[in-house]
Every structure is written in structure tokens, then in C-alpha cells.
Amino acid sequence: MPDSKSVSPHTHGEQGPGAASKEPTLSDTTAQPVNRRVLIDKQSPKAYHALVETADAVRTVAAEAGLDRGLVELINLRVSQINGCAYCLNVHTRAALRAGETTQRLGVLAAWRDTELFTEQERAALALAEATTEPADAAAQESAYDSARQFLDDDEISAVIWVAITINAFNRVSVLSKHRVRRNP
């Protein structure tokens, strides 16, 4: 999910895949073409820009629902952890810090259930985001939805699910394209 200074999770004015130049690969010179990954955001820019527009709309929905920017970033990070998306983890860790998140909470986010550092609302949102990311687990999905009903209103539930859906899509773009994380200058 983009923040107010960006267009999408991947076009922060940083070296995002939507803006970065094509990486040279071994397949460009000596390796077999089968080893080269297609940067699908560059290969199909209309589809990628539609995803960016969706992220913009979801950011608006989340703000209108009253979801705190820090919570949105926690959702982006937790979903990206589950999906193993290094690129999105890098982008959204910095966004979470800008939104006021602490390094302690970010450091234990993967084990949020085992800490007392997260509010009931945050816990409900994280569980719902996880259930959205892994929808085949019907029992976890029902439990997460029941918990969400106790701590989130309908607009917030909808916004949490849309945030999770959107970051899941960006995770897949980055993971399948093998977008690289570069050292910060």
C-alpha cells in the first residue's frame, strides 16, 4: 500500500521495479534465456499501472475507514513476511518507520501472537490479513473473521481485506520478477 508520498508500494521515488532500469542478467550475455526473469511490471505496464491505481484507491478506503497508517504498514509487512517478498519488506519497513512504528514492534511482527505489544484491533487486523493471504485455511479464516467482528467495524474489515489483497498482488509481482533489494545509500 502506498503512503501519501508515493504512488504505489513499488514507486516510492526509490529504486522501485516500476521505475528502475532493466537489470542485466547472465541470460543477457551467456546463460540460457530460460534463466532470465521477466519483469512483469515493465513487460505489461498497463496492467501494473492498473494495480497501482487499485493501491491508490485502497489507500483512500483505508484512510476513510480510519485505519491508522502504521496499522496499514503492519499489514503490508506481515503479508510480505508470509509471502517471502524481500522487496516489499524493504519498502514497507521504511514506510512503517516513517509512520511511527518502533523497531521493537517491527522486530517481533512475525510472532505478534506471542507478544503483548499489539492492541486488540491490531491483532484482529493482522489475523484477518493472514487469513486473506492464506484463504485455504477455513478454520483460521473463520476465527480471524470472528475476532475482527469484535474489534473492527464493517468499513475497517473491508479496508483490512483490501490492503491485504493489494499487497499480496504486489508481493507476487516482485517475487515472480525477482525484484532486487539494494543497499540504501
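The values are calculated or read from the model by the stated rules, or taken from the named source; none is laboratory data. This one's a predicted model, so the numbers in the text were calculated from it and none came from an experiment. As a convention, Cβ positions derive from the backbone with ideal geometry for all residues, glycine included, and neighbour counts pool all protein chains shown. These area figures cover heavy atoms from the full protein model, side chains too; ligands, DNA and RNA do not enter into them. Shrake-Rupley method; radii C 1.70, N 1.55, O 1.52, S 1.80 Å.
A single member of Ala110, Ala125 is open to solvent by less than 60 Å² (accessible area, probe 1.4 Å) and at pLDDT 95 or above, and it is Ala125. Ala140 falls short on exactly one of the conditions (1) open to solvent by 30 Å² or more (accessible area, probe 1.4 Å); (2) out of contact with any Asp or Glu (no Cβ under 9 Å at 6 or more places or on another chain), and that condition is (2).
Determine whether Leu77 is of a type in the set (A, V, I, L, M, F, W, C), touching a helix residue (DSSP H, G or I) at 6+ places or on another chain (Cβ under 9 Å) and not in a helix (DSSP H, G or I). Lay out the reasoning, then the answer.
Values: of a type in the set (A, V, I, L, M, F, W, C): yes; touching a helix residue (DSSP H, G or I) at 6+ places or on another chain (Cβ under 9 Å): yes; not in a helix (DSSP H, G or I): no.
Taking the combined requirement at face value, the residue does not satisfy it.
Please work out if Gly70 is open to solvent by less than 10 Å² (accessible area, probe 1.4 Å) and more than 16 Å from Asn168 (Cβ to Cβ). Yes.
With the condition kept exactly as written, say whether any residue in the stretch 100-108 is assigned to a helix (DSSP H, G or I) and closer than 22 Å to Trp162 by Cβ. The answer is no, given that none of the residues of the stretch 100-108 is assigned to a helix (DSSP H, G or I) and closer than 22 Å to Trp162 by Cβ. The residues in the stretch 90-99 that are open to solvent by less than 60 Å² (accessible area, probe 1.4 Å) and closer than 16 Å to Gly70 by Cβ can be counted, and the count is 6.
Yes/no matrix, rows are residues, columns are (1) in contact (Cβ under 8 Å) with a residue 24 or more places away in the chain; (2) over 15 Å from Ala65 (Cα atoms); (3) open to solvent by 10 Å² or more (accessible area, probe 1.4 Å):
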| residue | (1), (2), (3) |
| --- | --- |
| Ala144 | no, yes, no |
| Phe151 | yes, no, yes |
| Phe170 | yes, yes, no |
| Val175 | yes, yes, yes |
| Arg180 | yes, yes, yes |
| Arg183 | no, yes, yes |
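Checking each residue in the stretch 160-185 for being hydroxyl-bearing (Ser, Thr, Tyr) and closer than 28 Å to Ala63 by Cβ picks out Thr166, Ser174.
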